[in-house]
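The values are calculated or read from the model by the stated rules, or taken from the named source; none is laboratory data. None of the values given here were measured: they were computed from a predicted structure. All Cβ positions, glycine included, derive from the backbone under ideal geometry; neighbour counts span all protein chains shown.
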Amino acid sequence: MSDLTYVGKNIPKVDAKEKVTGQAMYAGDLQFPDTLFGKIVRCWEHAHAKVTHLDLSEAAKVPGVVKVLGPKDVTQKLYNCGVLDLLASAEVGHMLGEIEDQRIFTDYVKHQGDAICGIIAETQEIAEAAAAKVIVKYEPLPVYLQPEESAKPDAIQFDARKPGNKAFQLPEGMFPNNVYGWGDVDAEMTKAELVIENTFQLPKVKQCQIEPHAYVALFDQRGRLSIWTSTQMPKLVQNKLARLFEMPQSKLNLIPTTIGGGFGGKLGMIFEPETCAMAMAVPGRHIKVQSLREEDWVASESRHPGKYWLKMGFLKDGTPVAADALFTADTGAYFTHATGVPFTAGAWLIGMYKYGAVRYKTNTYYTNKAPSGAFRGYGNPQTNFVLEQTVDQACRQLGIDPVEWRKRWHKQVGDDGWCLGIPYASSSLTECLERGAAKIGWAEKRAKYANQSGPKRRGVGVSVMNHTSGAMPMLLEHTVAKVKMNEDGSAVINVACSDVGAGSHTALTQIAAETLGIPMEDIYIDNNMDSAGFDVGSHASRTAYVGGGAVMKACEDVNRQLIERASERLGIPVDQLEIKNRQVVSKDGKASMSVKEICSVGVSNYVNPANGERNGVPGQIQGYASHFPSHNSPPFGACFAEVEIDIETGQTKVVEMVIAHDIGRAIHPPSVHGQLAGGAQQALGMTLTEEMRYDEKGLIQNNSFFDYKLFGPLDMPKLTTILVENPDPAAPYGLKSVGEAGTVNPVGAVANAVSHALGIMFTEAPITPERILKAVNERGIK
Amino acid sequence: MSSHMSSRGLPEFELLIPQTSPEAVDMLAQHREQLSILSGGTALWNYVRGRNRVTPYVLSLSALKGLDYINEIPGEGLRIGAKATVAQLIENPAVSAKYAALHESGYWFGNPTVRNMATVMGNVLRASPSADCSCALLALGCQVILQSKSGQRAVDIDDFWLSYDVTARKPDELAVEIRIPEPKATTRSAFQRLTRVRQDLAKLNVAVRLEMDKGVCQQARIAIGCVGPTTMRVKKTEALLQGKAISDSLLDQLATSVRGEISPIDDQRSTALYRQQVAGVIVKRTISRAAAEKGASL
Amino acid sequence: MKTRLITLCVNGRDYKLEVPHNRTLLQALRDDLQLTDTKYGCGSGECGGCTVLINGKDNVNSCLSLAAEMEGKHITTVGGLTKNGELHPIQQAFVELGAIQCGFCTPGMVMKTASLLAHNPNPSEDDIRRGLEGNICRCTGYENIIRAVQKASQMINAGGARS
């Protein structure tokens, strides 16, 4: 990989210095001289209730309160906070049953945390004091916390368009029989010599990005609505806000702020609608809305929990003859990502192994909890917990080594990926398995831990995954990149691509530097949304792949123009010219022209008054690409985990973890390692310690870091991340994604390590000491 | 409307910053229940927000001098001033050498920032059954010295926590010192806690103090937290140790006995069933560890 | 509500403020002094985003500290480590070792590191993990942060230290 100058290099991130000096501006840091403060008032007392009486008069009287806004004081238009509906055609969206069911302030509370009104005041403290003076009466309604409850025939309907409170199932028009898969599962299952069937329970877990949601908005004298936001999807949010507030997109000025983590939680709108509505109410004044940490769990989206049933049939030699799955997903109170995650959970299942036949179904229901939405991995962590444990159960009963089974049965180049009809162009999963197994000492440990005694038991487990680089063909994939060459040959790359912290802007700069052949210091990423062309945003692990593809093409467009200009000036055919060291040189080395001269002359193009001649070819050089990728280059990965469990207390220590990732090519290696390590921290939490808990009234019990427990530095295992680099032929610089991969296979690996240690498979996550001890006692393990 | 107290700021109160202890005591006499005492700040604000109310006055100890000591007085024992932090506690060589349970309870508590702010006394006054230093102090035995306008009095730690969140401190009293008697050379102690992740409040904690004499336990104090409304001793279990050598069968007996003396509940951090099962295990392990501590022959 | 006149010494500079009694140090820094490098992450002392250095050596959670109690103390925020645009070795190490992703935990994490190294100039990996507890990072899994702290301690011990 050393034939490249910038790509693949361990260089500081382009935004590292401003972050480490505290100069990076997050939305909550923005200061304007005239700022007002907005408080979104939420229902904390009920998870399901009608607002029967709302009286804002006392709140309005508090000195320093500028405006109070009830539901009818703002637009009543419905919207969907999620943005998937913009990524499918109207026809497909209609087939999928996408709806818009959210409004800014509601008089019908569908989850604890639903917003009922807003207060605008001179200071944050006054806004909060006034919020306490809002008088509201509710008529409580029955609360539905599980799909089984809201699916009952007598349950209150959340939305007339969704009978039976079923928000989504795979539509017949796109998925015959509402099923994703192939073959005749029922027929193939009869051939099985071993059937493993279980229902798994997945928890509702939260992204917990460390930056609390904050926004600033201004409705100015030009009628432009400006919104400062750290959304992951600036262009799509701009689109939605323009439509919501019925103004042309050219009047919606979305200014991206430094993103303090997203992980899918910002994959769409969160409180932009409320903030913009407040700004419209106080024209000419900046308004800042800063949410509280405790609001995060009740007012923004989380991972889809639910029951995930999987039945797999195997022959004695391990052949997976059939897999039959049903994910009964809980999409929470509003539609948001009801179509996305429940579909992709099945897609990752489909994409993993060479089943004889496979059938995936999903029924997704509303419940009275904060909506489920996008969380890094997008259905894959759930599938990993279910599929990888099922495979391990079969391996145990058939006496087959789990690594060998996966090497034999994982899909290969040429097999269909997660989206049927798009075959894998590359896969290094076998190499990942082999290198990871060697690193953790798989064979020795599997043998060593086969028979144990004493209070401490160890186990080692493996899990594999497939994911994607961008969401084509299911969803729109498109990035526009523009490269403006300054007179001095430095470049400005104008893209709407966001950097959620993963290092996307750094990777795009490296790709530009490599393609243009100029140093990174001479390139600036301009993220201005007014000037940037379209980009979908940061989701589906797409930015380096699709954004990078667009940047690469736009830079190639620049190079082509430079060569054409030089050809014209030097009188040498274009195919005899190439760009090296910031020069356009002839391949025989005899002629050259500096890029700087071409750029300078293109801009500062003078007409000689004496003879009317120009000093060179006129025209500022700008590269352009409107890039629609032709593939989605799925990455693969293998994860190995070793655990130690104290069977007298159930306490579990994750001793070591090895993650080998099929990255294609690592554009910025430290960021790739960082993505795997950070994803692992989230996966470990989902598997062992994280879960949002509710009482019987649907009120959350643990909306704070006191009781929503994340893995800290002392909890993390000894971690090795291995990057397996075999470039993907369909990808820019051969790269494949890593953004979401880290959250996926540690889930299955740890669960499998636990079951190796104890001989017990846990079908419910998180696998807490309480659950372990209960199971150990029930089985009499001493 | 929402009774939720926001995490962004603090509710309104009048801050009193006495410059001397007599001044502080005067303020306590004047305002009594209308006043909360603020030392480290790691507990008070979350406590206030959890209960959704604050007293009209908050008395800060920040200006008081001479209360941040940890002194060992030969022949008498350890004296911990009201403002001594947990960070100071775990750095103190006398504490780690002779009061192992207390050292360990401070070592595992919180994180470096919290240990720097939180005081040992604050831990005791907070009266939470999950408090770590409190658990060790109950096992070691100590007195809490309370100062009022009418003078000082000492309250035995066994009599200090009256019920959940209620202590023997009267509203006009300032807690000024903790006094732990000097252990014998053959005294052993240890502390252990269980958490969900490392950075966490305890879901169970145990501390023991054993008076050993040539391999035989003459007297034991066993303190357990998170299994009742206050940190508690399990006296019937302690009695089983009296005059016995510590053997595996004795330890098993102790584990069974512990289960009968505690009344844990389900809460955010764990379940009653789990605590019931595991308390005995942790008591066994803590006793074994204390008894095995190296030193002169026991 | 009653107010107090206080002087806060932040990053070597004195600021005179009139603050309500219940003003936290975090609010005073961010809202009264417009020093936004220290962050509100949870307001409850759990995430460490508000970590500042006191008297060059010890950390406090500024969200749980009263501004009025901070008189006479030298408070350092992450902006105070940078001198004339030049990075402190801890900041340099964080940049070099890929320890910064979204960057929101970074100011607090850097100040936590400053306290750790002030107390223990040669920490083992276990010391570092223990020393960073109380500062939550959701992006990095702590791996590169720990490498950065190791690098920073080498740099400082090799003579790169600045007070």
In the stretch A:107-131, residues that are surrounded by fewer than 18 Cβ atoms within 10 Å (Cβ to Cβ) and either of a type outside the set (D, E) or free of Cβ contacts under 8 Å to residues at least 24 places away in the same chain (or both) total 2
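Return the residue satisfying two criteria in turn: it lies in the stretch A:36-67 and is crowded, with 17+ Cβ neighbours inside 10 Å, out of contact with any helix residue (DSSP H, G or I) (no Cβ under 6 Å at 6 or more places or on another chain) and not in a strand (DSSP E or B), and of such residues it is farthest from the other protein chains (Cβ to nearest Cβ). Don't jump to the end; show me each part of the working.
Keep residues of the stretch A:36-67 that are crowded, with 17+ Cβ neighbours inside 10 Å, which gives A:36-49, A:51, A:54, A:56, A:59, A:62, A:65-67.
Filter once more, keeping what is out of contact with any helix residue (DSSP H, G or I) (no Cβ under 6 Å at 6 or more places or on another chain): A:36, A:42-49, A:51, A:54, A:56, A:66.
If we keep only those that are not in a strand (DSSP E or B) too, we end up with A:43-48, A:56.
Working: A:C43: 8, A:W44: 5, A:E45: 7, A:H46: 11, A:A47: 14, A:H48: 17, A:L56: 11 Å.
Checked the stretch A:36-67; the qualifying residue farthest from the other protein chains (Cβ to nearest Cβ) is A:H48.
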Which one of the conditions (1) surrounded by fewer than 24 Cβ atoms within 10 Å (Cβ to Cβ); (2) more than 23 Å from A:V672 (Cβ to Cβ); (3) touching a residue at least 24 places away in the same chain (Cβ under 8 Å) does C:E125 fail to meet, given that it meets all the rest? (2)
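How many residues does the stretch A:603-658 contain that are assigned to a strand (DSSP E or B) and among the β-branched types (V, I, T)? I'd like the intermediate steps shown before the answer.
Here is the first cut: in the stretch A:603-658, the residues assigned to a strand (DSSP E or B) are A:607, A:614, A:622-627, A:636-646, A:652-658.
Among the residues that remain, those that are also among the β-branched types (V, I, T) are: A:607, A:643, A:645, A:652, A:654-655, A:658.
Count: 7.
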Qualifying positions in the stretch B:255-287 - within 14 Å of another protein chain (Cβ to nearest Cβ) and aliphatic (A, V, I, L, M): B:A255, B:V258, B:I265, B:A272, B:L273, B:V278, B:A279, B:V281, B:I282, B:V283
When you go through B:A131, B:A82, B:A63 one by one, which is the residue that is out of contact with any Ser or Thr (no Cβ under 6 Å at 6 or more places or on another chain), of a type in the set (G, A, S), farther than 27 Å from B:R285 by Cα and crowded, with 21+ Cβ neighbours inside 10 Å? B:A82
Among (1) within 14 Å of chain C (Cβ to nearest Cβ); (2) acidic (D, E); (3) surrounded by fewer than 21 Cβ atoms within 10 Å (Cβ to Cβ), where does A:D695 come up short? (1)
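Can you pull out every residue in the stretch B:85-99 that is touching a residue at least 40 places away in the same chain (Cβ under 8 Å) and either closer than 15 Å to B:L67 by Cα or surrounded by fewer than 23 Cβ atoms within 10 Å (Cβ to Cβ) (or both)?
Step one: list which residues in the stretch B:85-99 are touching a residue at least 40 places away in the same chain (Cβ under 8 Å), which gives B:85-86, B:89, B:98-99.
Matches in the stretch B:85-99: B:T85, B:V86, B:L89, B:K98.
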Given (1) within 14 Å of chain A (Cβ to nearest Cβ); (2) among the small types (G, A, S); (3) within 18 Å of B:A101 (Cβ to Cβ), number of the condition B:A185 does not satisfy: (1)
Taking the condition of being over 21 Å from C:L64 (Cβ atoms) and buried (at least 19 other Cβ atoms within 10 Å of the Cβ), how many residues in the stretch B:32-55 meet it? 0
Just checking, does the stretch B:1-20 include any residue being away from chain C (no Cβ under 12 Å), surrounded by fewer than 19 Cβ atoms within 10 Å (Cβ to Cβ) and in a helix (DSSP H, G or I)? no
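Quick check, is A:K13 part of a helix (DSSP H, G or I), within 12 Å of chain C (Cβ to nearest Cβ) and closer than 30 Å to A:E514 by Cα?
Working: part of a helix (DSSP H, G or I): no; within 12 Å of chain C (Cβ to nearest Cβ): yes; closer than 30 Å to A:E514 by Cα: yes.
Answer is no for this residue.
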Hits in the stretch A:24-35 - residues which are facing chain C (nearest Cβ under 7 Å) and surrounded by fewer than 17 Cβ atoms within 10 Å (Cβ to Cβ): A:Q31
Unique residue being among the small types (G, A, S) and part of a loop (DSSP other than H, G, I, E, B) when the list is A:G780, A:G742, A:G748: A:G780
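Which residue, of C:C50, C:C102, is touching a Cys at 6+ places or on another chain (Cβ under 9 Å) and not assigned by TED's automatic domain parsing to the domain that holds C:Q154?
Details: C:C102 fails: not assigned by TED's automatic domain parsing to the domain that holds C:Q154.
Among C:C50, C:C102, only C:C50 is touching a Cys at 6+ places or on another chain (Cβ under 9 Å) and not assigned by TED's automatic domain parsing to the domain that holds C:Q154.
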So, in the stretch B:11-51, how many residues would count as being over 23 Å from the mean Cα position of the chain (by Cα), within 23 Å of B:A118 (Cβ to Cβ) and at pLDDT below 95? 1
Strands (runs of 3 or more DSSP E) (entirely within the stretch A:105-180) containing at least 2 residues that are farther than 17 Å from A:S291 by Cβ and over 28 Å from the mean Cα position of the chain (by Cα): A:135-140
Could you look through the stretch A:236-289, keep only residues that are within 27 Å of C:R138 (Cα to Cα) and of a type in the set (V, I, T), and pick out the one that is surrounded by the fewest Cβ atoms within 10 Å (Cβ to Cβ)? A:I255
Number of the condition not met by A:V92 [criteria: (1) within 11 Å of another protein chain (Cβ to nearest Cβ); (2) of a type in the set (A, V, I, L, M, F, W, C); (3) not in a loop (DSSP other than H, G, I, E, B)]: (1)
Pick out, from the stretch A:223-333, the strands (runs of 3 or more DSSP E) lying fully within it that include 3 or more residues that are more than 30 Å from A:P203 (Cβ to Cβ). A:225-229, A:252-256
Listed by range, strands (runs of 3 or more DSSP E) wholly within the stretch A:429-531 having at least 3 residues that are surrounded by fewer than 24 Cβ atoms within 10 Å (Cβ to Cβ) and not assigned by TED's automatic domain parsing to the domain that holds A:G548 are A:456-466
Residues located in the stretch A:595-626, provided they are buried (at least 17 other Cβ atoms within 10 Å of the Cβ) and either of a type in the set (G, A, S) or over 30 Å from A:N494 (Cα atoms) (or both): A:S600, A:G602, A:G616, A:G623, A:A625
So B:T55 clears everything in (1) within 27 Å of B:K203 (Cα to Cα); (2) β-branched (V, I, T); (3) in contact (Cβ under 8 Å) with a residue 24 or more places away in the chain except one condition, right? Which one? (1)
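Residues checked against (1) touching a Pro at 6+ places or on another chain (Cβ under 7 Å); (2) in contact (Cβ under 8 Å) with a residue 24 or more places away in the chain:
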| residue | (1), (2) |
| --- | --- |
| A:Q682 | no, yes |
| A:E691 | yes, yes |
| A:S704 | no, yes |
| A:D707 | no, no |
| A:D715 | no, yes |
| A:M761 | no, yes |
| A:V776 | no, yes |
Counting only residues in the stretch A:634-650 that are closer than 24 Å to A:A660 by Cα and among the hydrophobic types (A, V, I, L, M, F, W, C), the one surrounded by the most Cβ atoms within 10 Å (Cβ to Cβ) is identified as A:C639
Qualifying residues in the stretch A:653-669 (those that are within 12 Å of another protein chain (Cβ to nearest Cβ) and surrounded by fewer than 24 Cβ atoms within 10 Å (Cβ to Cβ)) - the one nearest to A:A49 (Cα to Cα): A:K653
Sort through C:G79, C:G108 and tell me the only one that's surrounded by 20 or more Cβ atoms within 10 Å (Cβ to Cβ) and modelled with pLDDT of 95 or more. C:G108
Checklist (1) free of Cβ contacts under 8 Å to residues at least 60 places away in the same chain; (2) more than 14 Å from chain C (Cβ to nearest Cβ) applied to B:P112, failing item: (2)
